[in-house]
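Below: one structure, written as structure tokens.
The values are calculated or read from the model by the stated rules, or taken from the named source; none is laboratory data. Here the structure is a predicted model, which means the values were calculated and not measured. When we count neighbours, we look across all protein chains shown, and the Cβ atoms used for this are built from the backbone with ideal geometry, even at glycine.
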Amino acid sequence: MKHLKIATLALLSMLLGSCEKDVLETSGNEELLVTSESSLSQKNSTVTTLAALKSAVSSAVAGDVITISGTIKLDGTLTLSKNGTSSSKITFQGGVIDCSGVPGTGRGVALTGSYWIVRDMTIKNAPDNGLILQNGGFNTVSNVKTLTNKDTGLQIANGSHDNLITGCYSANNNDTANGGENADGFACKQTGGKNNKFEGCTAESNSDDGWDLYEQPYTVIINKCIAKTNGKGANGDGNGFKLGSAGQKIPHTVTNCTATNNKKNGYDGNGNTGKITITGSGGSGNGQSLFSRIF
């Protein structure tokens, strides 16, 4: 009988060891997901305080889900520097991030890592960009509102690549100190990396342009987006879609977009002599013209 019990226990241990199901442990408002295939632990965290948010972000691993409940006011730039993987992204979602406590000319949220999903949240009142993507890549930003920031609401820069910005809304961003000449709704300019795409987004009532691709060295794809009533600043250019700059030959692509009631042009090549492809796009009520300098 003793030998039978030992054999049964050994068989049970083997079966449990080969099981692919995860074990779920709960501690407070944090669910800990432990897998047999990795020494790392995936967490589902709901945060309501700045301290909890900083802790969740700084310790994030692939597969984590970090959810903000309510409004959290930052006291400095929140940097998302950890990396997920192509099959197990880090998700950051929900709530409102109030950046009015960020000192000086700091940005609100800086996404420097790769393989993140940022979704279903509002980022507002930053002294500079509300959300900037830089250095990393393969990120998705979905249904994020960037509002009343003092520079461009959402910007891609510093080599950030292979990002999808979808269903986002960027409005009333205004760099009042400069007469509104810099704050766009969305920008991928100067140092943005390859393979960035905007889809189904709206830029409204920003002080400069709706979209700004000034000096962007690689092709950007803009699909099913809306730019309206941009150019609210006294020094703002007021283009719906600014598609490059002088001395460039970058073939940007704009498809099924709408530009209405912007202060200057609906679509402006801005001196970019590359083959800009605009298909199925139109608009009305722009102050100067619908299409300008498109080659």
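Please verify whether Gly104 is free of Cβ contacts under 8 Å to residues at least 60 places away in the same chain, part of a loop (DSSP other than H, G, I, E, B), farther than 16 Å from Cys168 by Cβ and under 13 Å from the mean Cα position of the chain (by Cα), treating the condition exactly as stated.
Numbers: free of Cβ contacts under 8 Å to residues at least 60 places away in the same chain: yes; part of a loop (DSSP other than H, G, I, E, B): yes; farther than 16 Å from Cys168 by Cβ: yes; under 13 Å from the mean Cα position of the chain (by Cα): no.
Taking the combined requirement at face value, the residue does not satisfy it.
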Discussion item. So if I check each of Phe291, Phe295, which one is of a type in the set (Phe, Trp, Tyr), more than 25 Å from Leu147 (Cβ to Cβ) and out of contact with any strand residue (DSSP E or B) (no Cβ under 9 Å at 6 or more places or on another chain)?
Written reply: Phe295
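Within region 233-244, track down each residue that is out of contact with any Phe, Trp or Tyr (no Cβ under 8 Å at 6 or more places or on another chain) and within 13 Å of Asn286 (Cα to Cα). Steps first, please.
Kept after step one, since they are out of contact with any Phe, Trp or Tyr (no Cβ under 8 Å at 6 or more places or on another chain), are these residues of region 233-244: 233-238.
Hits for region 233-244 are Asp237, Gly238.
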Worksheet entry | Wholly within region 194-295, strands (runs of 3 or more DSSP E) carrying at least 3 residues that are among the hydroxyl-bearing types (Ser, Thr, Tyr), under 26 Å from Gln134 (Cα atoms) and in contact (Cβ under 8 Å) with a residue 24 or more places away in the chain | none
Item to complete: Could you please give the count of residues in region 156-169 that are in a strand (DSSP E or B) and surrounded by fewer than 22 Cβ atoms within 10 Å (Cβ to Cβ)?
Response: 5
Discussion item. Of all residues being modelled with pLDDT under 95 and assigned to a loop (DSSP other than H, G, I, E, B) in region 31-61, which is nearest to the chain's Cα centre (by Cα)? Just the residue, please.
Written reply: Leu40
Item to complete: Have a look at Ala187, Ala183 and point out the one that is in a loop (DSSP other than H, G, I, E, B), crowded, with 17+ Cβ neighbours inside 10 Å and hydrophobic (A, V, I, L, M, F, W, C).
Response: Ala183
Worksheet item: Among the residues of region 131-139, is any in contact (Cβ under 8 Å) with a residue 24 or more places away in the chain and farther than 25 Å from Gly63 by Cα?
Response: no
Fill in: Unmet criterion (only one of (1) surrounded by fewer than 17 Cβ atoms within 10 Å (Cβ to Cβ); (2) closer than 12 Å to Asp151 by Cα) for Asn178
(1)
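When you look at Ile226, is it within 22 Å of the chain's Cα centre (by Cα), more than 22 Å from Ser160 (Cα to Cα) and hydrophobic (A, V, I, L, M, F, W, C), yes or no? So that I can check it myself, show each step before the final result.
Values: within 22 Å of the chain's Cα centre (by Cα): yes; more than 22 Å from Ser160 (Cα to Cα): yes; hydrophobic (A, V, I, L, M, F, W, C): yes.
So Ile226 fits the description; yes.
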Response to the item:
Checked against (1) over 21 Å from Ser207 (Cα atoms); (2) buried (at least 21 other Cβ atoms within 10 Å of the Cβ), Asp128 satisfies every condition except (1)
Worksheet entry | Candidates Gly70, Gly84, Gly76, Gly94, filtered to the one that is of a type outside the set (Ser, Thr, Tyr), buried (at least 17 other Cβ atoms within 10 Å of the Cβ) and out of contact with any Phe, Trp or Tyr (no Cβ under 6 Å at 6 or more places or on another chain) | Gly94
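For (1) under 19 Å from Cys99 (Cβ atoms); (2) basic (Lys, Arg); (3) surrounded by fewer than 24 Cβ atoms within 10 Å (Cβ to Cβ); (4) modelled with pLDDT of 95 or more, each residue gets a yes or a no:
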position	(1), (2), (3), (4)
Thr148	yes, no, yes, yes
Leu154	yes, no, no, yes
Ala171	yes, no, yes, yes
Cys201	no, no, no, yes
Trp211	no, no, no, yes
Val220	no, no, no, yes
Lys224	no, yes, yes, yes
